[in-house]
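Engineer: Sending over a structure as structure tokens; questions will come in a sec.
The values are calculated or read from the model by the stated rules, or taken from the named source; none is laboratory data. What you are looking at is a predicted structure, and each value in this text was computed from that prediction instead of being measured. Note: ideal-geometry Cβ built from the backbone for every residue, glycine included; neighbour counts use all protein chains shown. The accessibility values were calculated without ligands, DNA or RNA, using every heavy atom of the protein model including side chains. Shrake-Rupley method; radii C 1.70, N 1.55, O 1.52, S 1.80 Å.
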Amino acid sequence: MRPALIISAMVATWLILALGAMLTGSIATAAVPQGTKVPDGVAIIGTAPGLLIVRSDDPGYVTKLYDAGAAFVLPARRKTCLALQG
């Protein structure tokens, strides 16, 4: 039961961060579903299974990703959301 609680807490934290990123648009590196049209000024810096890892210096790029059809935009590290070294 304890592993399920830990996993649930991690998922809840991840979703809260994603919601905050969606509302504020203030994340430097993000993960979006593969197949998302990446707007100008946003660079693809890596991939993970089913995800593109993107980055931009434009503070409003999260909104542009949603406008381009991204189903979700999650905060990410340089390689993946769970990479321990960034």
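Engineer: Of Pro39, Pro33, which residue is more than 13 Å from the chain's Cα centre (by Cα) and at pLDDT 80 or above?
Structural biologist: Pro39
Engineer: Check off (1) open to solvent by less than 20 Å² (accessible area, probe 1.4 Å); (2) touching a helix residue (DSSP H, G or I) at 6+ places or on another chain (Cβ under 9 Å); (3) modelled with pLDDT of 85 or more for Ile53 and give me the number that stays unchecked.
Structural biologist: (2)
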